[in-house]
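What follows draws every value from the coordinates through simple rules; no lab data is involved. It should be emphasised that the depicted structure is a prediction, and the values quoted were computed from it without experimental measurement. So basically every Cβ, Gly included, is an ideal-geometry build from the backbone, and we count neighbours across all protein chains shown.
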């Protein structure tokens with residue numbers, strides 16, 4: 001009996017450890033997927049080829065005839081496609097999809113321009129609560145608000161607001177200057193409706209031989225944050241993992257060094273390597 005109990009405890013520990021790794025280390029998910037997914041994956045259909053981007057931007061990339069292009073490569077950045085519904089107003093329900101990066105934690109607003117939110121990643125990393133996000137959403141509507149304005153906007157008692165402000169301060173989400181409070185983000189972009197304007201088709205590609213970038217944020221993290229930021233009437237019906245094709249365009253310099261730049265295959269625009 002004792003041996004059986006010890007075995008059950010041991011197996012339970014392994015199961016919990018596996019779940020904890022899955023939720024907290026997205027890299028572990030990618031390793032498992034390499035073994036499970038031997039078929040195809042979903043990706044947004046590219047609008048531009050690397051050759052088109054190289055031709056369009058040759059003057060920028062090739063300073064003179066001593067600079068030459070090397071063979072471009074493609075990688076795929078991970079996103080979650082959320083099928084959602086939410087309350088537009090008292091009389092209308094909205095249904096749509098959200099494209100959310102699992103690399104930088106930001107939501108795509110429009111796939112034609114690849115405009116994204118700015119500040120969601122900080123909130124996810126800080127483990128912002130629903131009350132934290134109430135303060136953040138209020139401050140996102142103005143450059144700064146004083147204590148009395150926040151009380152009126154949030155319709156709460158002084159004690160509750162004090163607790164919320166303390167929490168946001170401790171998580172470095174807001175800054176106080178005398179009696180005024182502002183968001184602690186550079187150029188925040190948080191006031192968005194929970195929908196992505198998607199203008200591309202999804203296509204399938206084989207996993208084999210494909211360079212897929214690892215996730216930084218798990219599906220669970222994105223689900224919980226989206227529910228917190230968009231309120232009680234927001235619901236996620238389904239989540240699908242999709243990928244954004246990114247071209248790495250390499251230029252060989254006269255001194256034989258190589259300069260790499262990264263380009264969004266949907267917009268044809270240059271992107272930062274760490275913000276795909």
If I model a spin label at residue 146 and residue 199 as a point 7 Å from the Cα along the Cα→Cβ vector, what separation in nanometres do I get? 4.5
What nm distance separates the two modelled labels at residue 130 and residue 178, each placed 7 Å from Cα along Cα→Cβ? 3.6
With label points built 7 Å along Cα→Cβ from the Cα atoms of residue 89 and residue 55, find their separation and express it in nm. 4.8
So, how do all the Cα-to-Cα distances of the stretch 152-206 break down into 5 Å bins, in percent, from 0 on up? 4, 12, 16, 18, 14, 9, 6, 6, 7, 5, 3, 0
Need one word for the stretch 118-191: rounded, prolate or oblate. Basis is the Cα gyration tensor (sqrt eigenvalues a ≥ b ≥ c); a/c below 1.5 gives rounded, then a/b vs b/c decides. prolate
Rounded to the nearest whole Å³, what is the per residue volume of the convex hull around the Cα atoms of the stretch 26-185? 221
Starting from 0.36 nm per residue, how many nanometres of slack lie between residue 42 and residue 163 once their C-alpha separation is accounted for? 39.2 nm
